[in-house]
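Below is one structure, written out as structure tokens; the observations come after it.
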Amino acid sequence: MKDGYLVDTPAPGVYRPVDSSSDVPFSKFYKPNELPPKIELSDDIIQAYGRAMHSLGRLDGFWTEIENPETVFGLFVYKEAEQSSQVEGTRVTVSDMYKEGEDSKDVREARNYASALKQAAKQLSKTGRFRGNLSNELLKDLHRELMEKGRTDEEDPLPGEFRPGYAWIDESTGIGTRVRFVPPKAEIAASRMENFEEYMQSEGAYPNLIDIGILHYQIETIHPFVDGNGRVGRLLIVLLLMASDILLHPLFYLSSYIRRNRDEYTDRLLAVSEEGEWNEWLLFFLTGIKEQANEAFSRAKLLLYLREQYQEKYIDARPSVKSLLEKIFTEPVFTVNRASEMIDMSYPAANQAISILEDDGVLRERTQKERYREFQADEVLDALNKDADEIPSPHAITQ
């Protein structure tokens, strides 16, 4: 934190002294201003905005043109959950989330994240995709879903409740930790969240993606919960894209970009608070939107091309095989019992379909056990897990 209590304008807030009776390892906290901030958008931001919107438009348009997009976008929810959990320092993978019997804290957190995103997206689609349907109560519901039985270092993360006391963010010094940033004290945080909700539900003062970048900065700066603030903030990005009528489905995962650029991400947020560097933060944010929209588009093309290849190869296959081939794009790891449920057929029918696809190399048994066998679709998982620079271009995929 900067020395002194006042931050030079145009920073969107000031430092204030902590209460004298508080027993905390810092002397001041940050008090952000209410939204909206005054920002003079640079030409670079205007251009970056156009590029990001173009990439998102291409992604959303692609999904509206294909049959049964839900057979693929479910994987993208799990991809976002995986990447968001890895931002927090875990090593959870999509395969781990599907594995029966896996119940570590890290895996529970990732599953909770996927469940929260799917439920919120479903609710938003049902009530109407506009910002007025987003609220602090929804954020609390998301937090409750994330934190109950999930991964947390806090003894009691108060699921679904705003924090009652101070919070602070540490950073490593190499020989220990130090306090890097202190969000507003509880009563100010609660007041700012009321303003946050009001602005989130409004038409906003800036174009949609700029508003989303501003809202993400604000909720991370307010830090309204004891734990899980980053996860809630990243979830909200996807929901805001849907509520702003930019995306129809939750098939976007900015967490991957944040994970790859974690240090710059935290530096950019702090630079807004201390230096008023809005344009630098927004350029970083919009660049991430564009990159991840392009990556999601290429990954979706690869998955759908793979599905089409399977459909063509197994056009004359028995119904159980064709049905299971569709389901592996929403659930690529499963047991025979689970496969029976997925295709709504008997255990013998599911087992026979698995045997056919295993013989052809589409499925692989991964436990090496005679009982409680578990199978996975390697090509599907490979397409989902490829690094961004390993994904073929959309043009190359169809050649």
Pairs, first within 20 Å of GLN86 (Cβ to Cβ) in segment 230-254, second outside any helix (DSSP H, G or I), C-beta under 6 Å, six or more apart: ILE237/LEU254; VAL238/PRO250; VAL238/PHE252
Do we have TYR347 as over 27 Å from the mean Cα position of the chain (by Cα), of a type in the set (Phe, Trp, Tyr) and more than 30 Å from ARG58 (Cβ to Cβ) here? yes
Subset of segment 158-199, residues part of a helix (DSSP H, G or I), out of contact with any Gly (no Cβ under 9 Å at 6 or more places or on another chain) and hydrophobic (A, V, I, L, M, F, W, C), comes to ILE188, ALA189, ALA190, MET193, PHE196
Subset of segment 312-326 (residues that are at pLDDT 95 or above and surrounded by fewer than 21 Cβ atoms within 10 Å (Cβ to Cβ)): GLU312, LYS313, TYR314, ILE315, ASP316, ALA317, ARG318, PRO319, LYS322, SER323
What is the residue count in segment 18-70 for residues that are within 22 Å of the chain's Cα centre (by Cα) and of a type in the set (Val, Ile, Thr)? 1
Hey, LYS38 of a type in the set (Lys, Arg), within 26 Å of GLU194 (Cα to Cα) and either free of Cβ contacts under 8 Å to residues at least 60 places away in the same chain or in the same structural domain as ASP106 (by TED's automatic domain parsing) (or both) or not: yes
Output for Cβ contacts, cut-off 6 Å, separation at least six or different chains, first residue charged (D, E, K, R) in segment 155-169, second outside any loop (DSSP other than H, G, I, E, B) and surrounded by 15 or more Cβ atoms within 10 Å (Cβ to Cβ), reads ARG163/ALA186
Name the single residue that is modelled with the lowest pLDDT among those in segment 94-146 being closer than 17 Å to ARG231 by Cβ and of a type in the set (Ser, Thr, Tyr). SER104
Return the residues of segment 1-34 that are assigned to a loop (DSSP other than H, G, I, E, B), out of contact with any Ser or Thr (no Cβ under 9 Å at 6 or more places or on another chain) and modelled with pLDDT of 95 or more; say none if nothing qualifies. ASN33
Please find, within segment 147-169, the residue that is surrounded by the fewest Cβ atoms within 10 Å (Cβ to Cβ) out of those that are at pLDDT 90 or above and charged (D, E, K, R). GLU161
In segment 205-223, is there at least one residue being part of a helix (DSSP H, G or I), more than 19 Å from ARG268 (Cβ to Cβ) and in the same structural domain as ASN133 (by TED's automatic domain parsing)? yes
Helices (runs of 4 or more DSSP H) enclosed by segment 66-145 - at least 3 residues per element that are of a type in the set (S, T, N, Q) and buried (at least 18 other Cβ atoms within 10 Å of the Cβ): 70-87
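The values are calculated or read from the model by the stated rules, or taken from the named source; none is laboratory data. Predicted model only: the values in this text are computed from it and were never measured. All Cβ positions, even for glycine, are placed from backbone atoms using ideal geometry, and neighbour counts span all protein chains on display.
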